Amino acid sequence: MTDGLNTTGISTLGKHSSSQLNLLGIGGAVTIQGLCALYLVSHLQQPAPWDVQFLELLHQQATPWLDRLALWLTPLGTRWGTFPLFIMGLLSLANQRQWRKLLYWMSAIGGTTVIATLLKVVWHRARPSLWPSLLAPDHYPADWAFPSTHAAASLSLVLALGALYSSQQPLDRPYGWVWRWSIAGLGGGFVLLIAWTRLYLGVHFPSDIIGGWSIAYLITQVANRLILSPTDPVQLPSTPSSLLTRR
């Protein structure tokens, strides 16, 4: 009886802590967005020195094989990576009639992309033009710079996958922590690689990347709190390889 009460108390405490962390994360993302807004107001016409210096330092490390790597990897941030996985998730969840997970998936990833795209129109920030672009003219982005949709979309995908897995996988399950750290490590590497390609190719300032990440974090955390409530967890598969398949 005592063990049962202890287990219940620990579970309740864990949910409470998770809720507090979720709210803290939302508040942090809102704060970053506010700082980005203040930054853009004062640097719309002329970027800050650190933005330019970071890109110039990165460009000094350029080599032919890094050029090829960046050109090969950068489409994975949207059309050849994040977008196909987003569509696969939609179709799988719809086929399984898991409507709440489907709503979260659409809100977290689709919502992030839509809001990031709309903010580009609001801010009208020009892209960097510090050196001749490696991108062919027909592949050079025609939209505005802030925020980076590549950065936002890639991070929202990883955070959404992590949220779906974490919502039903307690750390005390066998090897549960291994899967979580695997998702975090591989996903984090993917997000950083996409960000690196956008900076290396000179199509974004570092502040564009930070803005995209903060938007992704804000939208996914809000969707997590509203849809994947910790007090009413969604039952999901037990392994990352079948995250989008019902038991």
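The values are calculated or read from the model by the stated rules, or taken from the named source; none is laboratory data. As the structure is a computational prediction, the values presented were derived from the model and not from experiment. Because the Cβ atoms are built from the backbone with ideal geometry, glycine has one as well, and the counts that use them run over all protein chains shown. Side chains included, ligands, DNA and RNA excluded: accessible areas come from the protein's heavy atoms. Shrake-Rupley method; radii C 1.70, N 1.55, O 1.52, S 1.80 Å.
Structure data summary
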{"quantity": "Filter pass, ALA216 being at pLDDT 75 or above and either within 24 Å of GLN98 (Cβ to Cβ) or basic (Lys, Arg) (or both)", "calculated": "yes"}
{"quantity": "Selection within segment 68-95 - closer than 13 Å to VAL191 by Cα and assigned to a helix (DSSP H, G or I)", "calculated": "LEU73, THR74, PRO75, LEU76, GLY77, THR82"}
{"quantity": "Residue that is least open to solvent (accessible area, probe 1.4 Å) [pool: residues in segment 53-67 that are part of a helix (DSSP H, G or I) and hydrophobic (A, V, I, L, M, F, W, C)]", "calculated": "LEU55"}
{"quantity": "Pair list, Cβ under 9 Å, 6 or more apart: segment 113-130 residue touching a residue at least 12 places away in the same chain (Cβ under 8 Å), other residue assigned to a loop (DSSP other than H, G, I, E, B) and exposed (fewer than 12 other Cβ atoms within 10 Å of the Cβ)", "calculated": "THR117/ASP143; LYS120/ASP143; VAL121/ASP143; ALA126/GLN45; ARG127/ASP143"}
{"quantity": "Residue in segment 30-51 that is surrounded by 16 or more Cβ atoms within 10 Å (Cβ to Cβ) and at pLDDT 85 or above present", "calculated": "yes"}
{"quantity": "Residue list for segment 193-224, filter: hydroxyl-bearing (Ser, Thr, Tyr) and more than 21 Å from LEU161 (Cα to Cα)", "calculated": "THR197, TYR200, SER207"}
{"quantity": "Residues within segment 68-86 that are free of Cβ contacts under 8 Å to residues at least 60 places away in the same chain and either open to solvent by 70 Å² or more (accessible area, probe 1.4 Å) or over 25 Å from THR113 (Cα atoms) (or both), tallied", "calculated": "4"}
{"quantity": "Residue list for segment 87-97, restricted to those being surrounded by 13 or more Cβ atoms within 10 Å (Cβ to Cβ) and on the phi > 0 side of the Ramachandran plot", "calculated": "none"}
{"quantity": "Residue within segment 110-130 that is aromatic (Phe, Trp, Tyr), surrounded by fewer than 17 Cβ atoms within 10 Å (Cβ to Cβ) and at pLDDT below 90 present", "calculated": "no"}
{"quantity": "Residues being touching a Ser or Thr at 6+ places or on another chain (Cβ under 8 Å) and outside any helix (DSSP H, G or I) - total across segment 180-213", "calculated": "4"}
{"quantity": "Checking LEU103 against (1) open to solvent by 70 Å² or more (accessible area, probe 1.4 Å); (2) over 18 Å from LEU218 (Cβ atoms); (3) touching a residue at least 12 places away in the same chain (Cβ under 8 Å), the condition it does not meet", "calculated": "(2)"}
{"quantity": "Contacts under 6 angstrom Cβ, first residue in segment 146-162 being more than 15 Å from ARG127 (Cα to Cα) and assigned to a helix (DSSP H, G or I), partner of a type in the set (Ser, Thr, Tyr) and open to solvent by 10 Å² or more (accessible area, probe 1.4 Å), 6 or more apart", "calculated": "ALA153/THR78; ALA153/THR113"}
